[in-house]
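Following: one structure in structure tokens, then a few remarks.
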Amino acid sequence: SAIFNFQSLLTVILLLICTCAYIRSLAPSLLDKNKTGLLGIFWKCARIGERKSPYVAVCCVVMAFGILFMQ
């Protein structure tokens, strides 16, 4: 499971951020109606993906390089 392996946990979090940002770009009303509560996590991940997109993109490239060539 990804919780006990730090690199897998980072991969899951990065994929969650990218997926939420992509879903929000397609259907903004889907995530905007749940800004609080448990489903608010997805809205917050989408905001991180939108506002920090250059950093998220660099992290995706570094993670892909690490998975392809380091393991």
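Here are a few things to note about the model shown:
- Within the chain, helix-based [θ] at 222 nm, where runs of 4 or more DSSP H residues each add -39,500 (n - 2.57), nearest 500: -22500 deg cm²/dmol
- At least 24 Å along the helix axis (C-alpha) and Kyte average at least 0.0, DSSP helices within the chain: 6-26
- DSSP loop trypsin sites (Lys or Arg not before Pro) with at most 16 other Cβ within 10 Å: longest gap in the chain: 1-32
- Region 6-70 - charge dipole about Cα centre, Lys and Arg +1 at Cβ, Asp and Glu -1, debye rounded to 20: 220 debye
- With the Kirkwood sum run over all distinct C-alpha pairs, region 6-70 has a hydrodynamic radius of 12.3 Å.
- Local net charge near Leu39, Cβ-Cβ under 14 Å (Lys/Arg +1, Asp/Glu -1): +4
- Placing unit charges on the Cβ atoms of the charged side chains and taking the dipole of the chain about its Cα centre, the candidate lying farthest along the positive direction among Gly37, Ala21, Phe6 is Gly37.
Bear in mind that the values in this text are calculations on the coordinates, not laboratory data. Remember, predicted model here, so these are calculated numbers, not experimental data. Cβ: placed from backbone, ideal geometry, glycine included. Neighbour counts: every protein chain shown.
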